[in-house]
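Reading through the structure tokens given below for one structure.
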Amino acid sequence: MDALTKKAAQATPQFRAEEIKRPTREEAEAAVKVLIAWTGDNPARDGLIDTPKRVVKAFEEFYEGYGQNASEVLDRTFEDIDRYDDIVLVRDIPFYSHCEHHMVPFIGKAHVAYFPTDAVVGLSKLARVVDIYARRLQSQERLTAEIVSSVDEALKPRGVAVMIEAEHQCMTLRGVQKHGASTITTQFTGIFRDDPTEQVRFLTLVRGGSAT
């Protein structure tokens, strides 16, 4: 695996009970009340009185990736592939994540491809890996590298290619407010990194063209 890819993939801090004491649900709800009051509203008014509970419940969904392990998802492979050794691509995988700088969403789609060696993985597993890493506080660059790293380590393929396209609401709803601007990141390992023609094949397939 490319050293930079591995380094980036390892950069997301994982929650460890011995390193940080996780707040209780009650403490989390109290923090939401503080933020509501900070905005200038009254957390005790009828429309907001249950909001802290709803926010904490929503956070459990938004960030459920911290409690999931991508290597376990990719653990089961299928070896009966009748010597198939060309690109496997799952494209247009929808996802949402949250920017680690402002905690606002970025939403887009991921395209994940690999060249199998002796085995393949269930196609839905690639989509699950995208979700596991997306449902954490993220940067798009790290998200791309983490997906590549997981597929590369689990399947030991001849190469992995990932492309992510996303719109960041920290850029469209605040700051420069450039609506419609999108960000594209790519990461390649193995044959995709070393052979430019395979990169072109991957990008062509992502765009819906013919790989021949």
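The values are calculated or read from the model by the stated rules, or taken from the named source; none is laboratory data. Predicted model, so just to flag it, every value in this text is computed and none were measured. Positions of Cβ are generated from backbone atoms using ideal geometry, with glycine treated the same way; all protein chains shown enter the neighbour counts.
Entry remark, segment 175-212: residues being β-branched (V, I, T), over 17 Å from F115 (Cβ atoms), modelled with pLDDT under 95 and surrounded by fewer than 12 Cβ atoms within 10 Å (Cβ to Cβ) number 1 in total.
For segment 166-190, name all the residues that are touching a residue at least 24 places away in the same chain (Cβ under 8 Å) and touching a helix residue (DSSP H, G or I) at 6+ places or on another chain (Cβ under 9 Å).
Hits for segment 166-190 are A166, H168, T183, T185, T186, Q187, F188, T189, G190.
Applying a threshold of 7 Å to beta carbon distances and a minimum spacing of six or more residues, or different chains, the list of pairs starting in segment 31-55 at a residue that is outside the structural domain of M103 (by TED's automatic domain parsing) and among the hydroxyl-bearing types (S, T, Y) and ending at one that is at pLDDT 95 or above and surrounded by 11 or more Cβ atoms within 10 Å (Cβ to Cβ) reads T51/V32; T51/I36. Screening S124, S149 for residues that are in a helix (DSSP H, G or I) and without any contact (Cβ under 8 Å) to a residue 12 or more places away in the chain leaves exactly one candidate, S124. Using the structure shown, decide if K109 is over 25 Å from D194 (Cβ atoms) and part of a strand (DSSP E or B). Here the answer is yes, as K109 does meet what is asked.
Taking the listed residues G65, G40, G108, the one that is out of contact with any strand residue (DSSP E or B) (no Cβ under 6 Å at 6 or more places or on another chain), within 28 Å of F188 (Cα to Cα) and at pLDDT 95 or above is G65, with no other qualifying. Per the listing A154, A161, the residue uniquely within 26 Å of E72 (Cβ to Cβ) and assigned to a strand (DSSP E or B) is A161. Residues that are surrounded by fewer than 19 Cβ atoms within 10 Å (Cβ to Cβ) and of a type in the set (S, T, N, Q) within segment 72-119 comprise T77, T117, listed in sequence order. With the condition kept exactly as written, say whether any residue in segment 62-69 is over 21 Å from Q169 (Cα atoms), without any contact (Cβ under 8 Å) to a residue 12 or more places away in the chain and either among the hydrophobic types (A, V, I, L, M, F, W, C) or part of a loop (DSSP other than H, G, I, E, B) (or both). Within segment 62-69, not a single residue is over 21 Å from Q169 (Cα atoms), without any contact (Cβ under 8 Å) to a residue 12 or more places away in the chain and either among the hydrophobic types (A, V, I, L, M, F, W, C) or part of a loop (DSSP other than H, G, I, E, B) (or both).
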